[in-house]
Structures are given as structure tokens and as C-alpha cells.
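A short write-up of the structure that comes next.
The values are calculated or read from the model by the stated rules, or taken from the named source; none is laboratory data. The model shown is predicted, which means the values in this text are computed figures rather than measured ones. Here the Cβ is made from the backbone with ideal geometry for all residues, glycine too, and neighbour counts use every protein chain on show.
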Amino acid sequence: MKRFLKLTLISILAVMMLGACGKEKVGGGAKNVDAKIKKQDKIIFGVKNDTRLFGYKNPSTGKVEGFDIDLAHALAKEMLGDENKVEFKEVTSKTRIPMLNNGEVDAVIATMTISEERKKEVDFTDVYFQAGQSLLVKKGSNIKGIEDLKKGTKALAVKGSTSAINIREKAPETQVLEFENYGEAFTALKSGKGDALTTDDAILYGMADEDPDYELVGGTFTEEPYGIAVKKGNTALVDKLNKALKAVKDSGKYEEIKSKWIKH
Amino acid sequence: MDFSILTDNFGLYLEGFKNTIIASVIALVSSFFLGVIVAVMRISPVKVLNWLGTGYVEFFRNIPVLIITFFFYFGLASIGIELDGLKAGTTALSIYTSAFIAEAIRAGIMSVPKGQMEAARSSGLSYNQSMRLIILPQAIKIVIPSLGNQFINLVKNSSILGVVAGLDLMYQADLISARAFVTFDVYLFVAMFYLVLTIPLSLGVHYLEKRLARSH
Amino acid sequence: MDFAGAYSAGHLKFLLKGFGVTLEVAIISIILSFIIGGAIATVRYSRITFISSLLAVIVETIRNLPLLLIIFFTYFALPEIGLKMPITAAAITALTLFESAMLAEIIRGGLNSIDKGQIEAARSSGLNFIQTLRYIILPQALRRMVPPIVSQFISLLKDTSLAVVIALPELTHNAQIIYGQKNSYVIPMLIMLALMYFIVNFGLSQIARRLELKRV
């Protein structure tokens, strides 16, 4: 029995020692991403692969498509002179900040809301799309808006998203179930695992577009301004992206892309 | 290491810990019974049962437990059968583990000398009675350490509940880290909760293995 | 259930691409784990006092934690202390960490199974420790270890599915993207997934069995 306790204790201590290993706060002023982009002559964008209309990998063609993708191409054209000087890597709500900090992607354009908390970890460009959190339900559902998410109801959300935190504040009585990504969360809604799926309306429109049995209800109850995120401290890159974004907007290209994908 | 993460979120950790234990214990009991049935089928003189048992063991041993979990969570729902994450995960764990337990018990049965079955049969017991009263009790005693190992695997594998919103430790850890904006410390505490369960279990298994080796 | 739609040529190609990633990650991890696990086992076997006990604690701790936790930790928590890795590297690191600990125990068990008398005989005939290990112990022990090592590789292949949680584009991940399109694809996709894992793993387990029979 003594040996039991001793070994358990030693293991736990070993884990704690790992915890004591001084933590260096990551982020601030690390590698210059702007120079890296110049050197590799392309921009590596982190994009969603499971979000219809914004970033969606079409399993039949293997190509990623959507608003974020087209915008990334347009930005590359402004910044590097060729819209094909881009590479796309998949990110999820949970992986996008780590991937940015790892240097695996140069910029994240993945339905990412600019928030005060996130600004502490990454830098954002100007708003490129204005979304708002809403609810997606099966047509004919009793849920007509956020006020119907009472005790006994279940709301589905995605781990690491602002909407998972918001919904707990706005509808404290509902049980929130969180999934790894939007694909899984929507599969869960279709499987009847919850009464409503909550996230930004822009993403929900994509799901309603995919399966006409589902609809958005109750309008938006938050404001979710999307920005392009880069690793903290890369102000030069943020400036360049903002300039390119402005050029894309001024040339009318932005409206063209927007009307191609967002029809609501 | 920031202990305020543990104290601030103690309720969530505890709920996760509780659900991890519930899922593991229920899955242990049900996989044990399933495993015994399948093991008996595998050595049964009836050919069809034999094939079914072998097919069951080979199939479930060779596919990831995650896929069985998805089947019970998403797959069954697509044909109208509703299970929540905790139930679907526990069912999947039971089925997956039962394949391993069946193999362990079969090995145990094989290690009981053949003469015992013959003696039991000639003293007037039926095949089923001899199996239930004479062979199985001895076989299970022999395989207790390997059942212990399967229980440890069960506790570890129960972490897949987190992927289907099963409210276990892993799931709560995600919620805590999303809120606290740290991951490192949150997961270290989770690791400790698991170790508190698994280390005593492994030491117990070591002890039983040694004792069994000595008694032979 | 829409089998025809789910099994379209484009989908199957997408699945195979994922399977390629699964195999790649599994093969790299098993090779690395074998080297690291072998080194750990040798050090523990030779009983270099301090290092051996330290390794024992590390190995036991890792073996008693869920792999899912280790994967999460490697990808999401280690960056907080400055260790940053891309997804594939993180998956390989996590799997290698876990499997090295598992293999270290298998290999140590294999080494320990060699009769001590042989070692004494070899040493007294003038061979040093390294030579004894190389010419006497390893050749015999390796032969005994092959079947459990193949089983461990099967576990590893199954375990790569857990890397879906860090969006590694492997088999299970790609299947999720496909069945995310339509609910009627869920069951057909899960069946296809199970079959793909089963065929490879069952094949491997048959090879392991053949090897085991040869030895006896």
C-alpha cells in the first residue's frame, strides 16, 4: 500500500514539475512574418475547411472554396501581383491561434471575430465582414429566438468559439454542448443532439444553404466583426493587409466576391 | 503552475471526473459480461456460435474505438435512435473493450486443464453447467490481472467521450481552457485526475501479476 | 442511407488520400518509437541506478495517461512553453511519446524473459555487457517481441484516428468532412471507415499470428 501511494505521488509530482518549468509568454515580437512572405513569394493563409460559403473543402474536387478564399486570392493579387501566390492550410476555431503562433500560417482568414481577449494574443486587420451570432433550427421548431432557449433545451456550439461563451451569457438556462468543428456540430444538429446550433449568421446561412430543412431564427443577438489575424507584433504586415483590403474594396472586387457567396 | 485554475473551475473538473468514473465503471461491468459471453461462444462446439464469436472479436479489435463511438452517436441518430454523448460513448467503450476481455477470458479457459471438463461432465454435469460452475470461475481468476489492464485502458479510452460532448474530464478541460485562455495548466490538472485513477490501478495489477506468478 | 452517393469516386479518392496520411504518420511514429523505446528499455534493463528509476517514473506516467490527452497537450499546451509544432509533427510527437513508453515495456519484458543463466555464462566466457546484449540476449528477445510489437503497431494505426481533434487530415478526418454533407452519408461512411481500418489491421494481426506460430 505504501508503494502505491509513493509511486502515485511521484508521478503526480513529475507532472507538476513539468508545470513548474518556467513559462515563456508566446506572441510578442517574434519572427518577422512580412519578410518571410517576401522570401517564399506567397502568403500561407489559414482558412476553414468545414464552413460553407466562407471556407469549405469540397470533398468531390478536393478544393477549398468560399468568401474567405476568394478574398485571400484578391489580397494576394494586391500584395504580390498574382492572385495564385497563396497557399491554404486548414484551421479550426481551436487550432487557428496556435497555428499562427507556430508560424504554420502567415495570416488567418477564417470567420474570426475581432475580440478584446483575442487582441491580446494576435493582431487584427480592419473589419472585412460584419456578422452577428444567430440560431439555426430545424424548420417548424419551437425555438423562434434566443428567448426560447429555456431550461431543458440544448444548444450546440463549437469549442473555442466566441459563440459558445456568448450563448451561456445570453441563454444561461440552456445546456450547451460543444463540438470540435462546425461540420461535427451541424452533424449533431441534424442527428437531433440539440434544439439549436448557434454561431455567426454568415456560417449558419451556409448550413441552411446546404440543407433546406434548416433555417435561421430570431435575427442576430451579437455583433461579430471578422478580421484577418496575424501573429502579434507584425504591424508592417497588418498595414499591408489593410492597404490591400482597402484596394480590393475600392476596386469593386470586394462587392463582387460578396455577392457571389452571400445572397441574403 | 497556477492553482487558481483548479480552484476556480473545481466544479467542472469534478463533474468531468465523476462522468469519467461513471462511464468507465459501467463500461467495465457491461464489457465483462459481454466478454464472457463472446469467449464462451468462441470455444463453443457449435460452429455458428464459434464463427460469430470469432468475427465479433476480430472485427471490434481491429477498428478504432472512436469510429464505434461515432457510430453510436451520429450513426444511430441518422436512423432515429437517440443516445447522448455519455451513453453513446459508454456503449462504444463496452463493445470495444469486450472484444479484448473475450480474448483474455478465452486464454484463461484454455489454460484450465482439459481433464477438469471431462471430470465435470462424467460426474453428470451438462456442458453448460460445467462451463459455468467449474471452468469459468477458474479461468476468470487467472485472468484478473489482464482484466485489470483492460480497466486501465477503459479509463484512458473514456477520454473519447470528450469528442462527442460526453461531459467527461476531457470535455470539461476544453471548456475550461477556452474560458481561461490557458491550456497548459488546465491539461496538467486533467492529467493528474487521470493519474489518480490509473496509477493505483496499474500498481494493483502489478501486485496481482506477481502474486499469481508466485502461486504457480 | 445513401450508399451510392457516399461512395462516389471523388469521395473514395478523398478517403484514400486521408488513409495515406494515416499510414505515413503511423509508420514514422512506430519507427521512432521503436528506437526510443528500445533505448529506454536497454537503460532500464542495465539498471543504471538514477536514470533507470527516472525513466521508470516517466514511462509509467505516460502509460497511465489517455493518448487523447497527450495529443491535445502536445499541440495546444506545449506552445505555451515555447515548443511549437505544425499539426503533422505534433501528431507524430504525441504518438511517438505514447508508443515509446508502451514499446519500452514490451522490449524490457522481452529482455527480462531471457534466462539469467545465459547472461552469466556469456559474461564468464569473456563477453562484456554490450557484447552479451548484442550477441546473446537481443537475437532471442527480438524474436519473442515481434508479435507484441505488431499488436502495438495495430494499436497505433487505430490511435491515429484520435488526431482528428487537432484536424490532422487523416482518414477519419476526411470521412467526417464527407459525412458532414448529408446525414444519409453517416452510416455508409462509418462502415467504409471501419472496413478500411479492419482490412489493414486484420492483415497485420494475421502476420503477427503467423510469426508467433513459427516461433513455437
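Can you find, within the stretch B:176-202, the residue that is farthest from the other protein chains (Cβ to nearest Cβ) among those that are surrounded by 22 or more Cβ atoms within 10 Å (Cβ to Cβ) and more than 21 Å from A:LEU13 (Cα to Cα)? Only one residue tops the list, namely B:ILE176. A count restricted to the stretch B:64-78 and to residues that are in contact (Cβ under 8 Å) with a residue 60 or more places away in the chain and more than 11 Å from chain A (Cβ to nearest Cβ) stands at 3. Among the residues making up the stretch B:176-211, a single one is hydroxyl-bearing (Ser, Thr, Tyr) and not in a helix (DSSP H, G or I): B:THR183.
Just one residue in the set B:SER78, B:SER94, B:SER111 is closer than 20 Å to B:ILE135 by Cα and in contact with a helix residue (DSSP H, G or I) (Cβ under 7 Å, 6 or more places away or on another chain); that residue is B:SER111.
Once the stretch A:81-122 is narrowed to residues that are crowded, with 20+ Cβ neighbours inside 10 Å and of a type in the set (Gly, Ala, Ser), the residue that is farthest from the other protein chains (Cβ to nearest Cβ) is A:ALA107. Taking helices (runs of 4 or more DSSP H) as the structural unit, those lying wholly within the stretch C:48-143 and holding at least 3 residues that are of a type in the set (A, V, I, L, M, F, W, C) and touching a residue at least 12 places away in the same chain (Cβ under 8 Å) correspond to C:49-63, C:67-72, C:87-112. Listed residues A:LYS260, A:LYS249, A:LYS243, A:LYS231; which is of a type outside the set (Asp, Glu), within 19 Å of A:PHE54 (Cα to Cα) and touching a residue at least 24 places away in the same chain (Cβ under 8 Å)? Of the residues listed, the single one that is of a type outside the set (Asp, Glu), within 19 Å of A:PHE54 (Cα to Cα) and touching a residue at least 24 places away in the same chain (Cβ under 8 Å) is A:LYS260.
For the stretch C:178-189, taking the residues that are buried (at least 24 other Cβ atoms within 10 Å of the Cβ) and assigned to a helix (DSSP H, G or I), the one that is modelled with the highest pLDDT is identified as C:MET189. Annotation note: of C:ALA121, C:ALA104, the sole residue that is of a type outside the set (Lys, Arg), buried (at least 19 other Cβ atoms within 10 Å of the Cβ) and more than 30 Å from B:ALA178 (Cβ to Cβ) is C:ALA104. The residues in the stretch B:58-104 that are of a type in the set (A, V, I, L, M) and more than 20 Å from B:MET41 (Cβ to Cβ) can be counted, and the count is 12.
In the stretch A:189-209, the count of residues that are of a type in the set (Phe, Trp, Tyr), buried (at least 18 other Cβ atoms within 10 Å of the Cβ) and touching a helix residue (DSSP H, G or I) at 6+ places or on another chain (Cβ under 7 Å) is zero. Being out of contact with any Asp or Glu (no Cβ under 7 Å at 6 or more places or on another chain) and farther than 23 Å from C:SER155 by Cβ is a description that does not apply to B:ASN62.
Annotation: of all residues in the stretch A:62-81 being out of contact with any helix residue (DSSP H, G or I) (no Cβ under 7 Å at 6 or more places or on another chain) and not small (Gly, Ala, Ser), the one that is modelled with the lowest pLDDT is A:LYS63. When residues in the stretch A:157-203 are screened for being over 26 Å from A:LYS258 (Cα atoms), assigned to a strand (DSSP E or B) and within 12 Å of another protein chain (Cβ to nearest Cβ), 5 of them pass. Within the stretch A:86-145, the residues that satisfy the criterion of being touching a residue at least 60 places away in the same chain (Cβ under 8 Å), more than 23 Å from C:TYR75 (Cα to Cα) and assigned to a loop (DSSP other than H, G, I, E, B) are A:ILE114, A:THR125, A:ASP126, A:VAL127, A:TYR128, A:GLY132, A:LYS139, A:SER141, A:ILE143, A:LYS144, A:GLY145. Taking the listed residues B:LEU161, B:LEU136, B:LEU208, B:LEU169, the one that is in contact (Cβ under 8 Å) with a residue 40 or more places away in the chain, surrounded by fewer than 17 Cβ atoms within 10 Å (Cβ to Cβ) and within 23 Å of the chain's Cα centre (by Cα) is B:LEU208, with no other qualifying. Restricting C:LEU83, C:LEU95, C:LEU78 to residues that are more than 20 Å from the chain's Cα centre (by Cα), aliphatic (A, V, I, L, M), farther than 19 Å from B:SER202 by Cα and more than 10 Å from chain B (Cβ to nearest Cβ) narrows the list to C:LEU83. Checking the structure you have, find out if any residue of the stretch C:195-211 is more than 9 Å from every other protein chain (Cβ to nearest Cβ), free of Cβ contacts under 8 Å to residues at least 40 places away in the same chain and not in a helix (DSSP H, G or I). No, the conditions are met nowhere in the stretch C:195-211.
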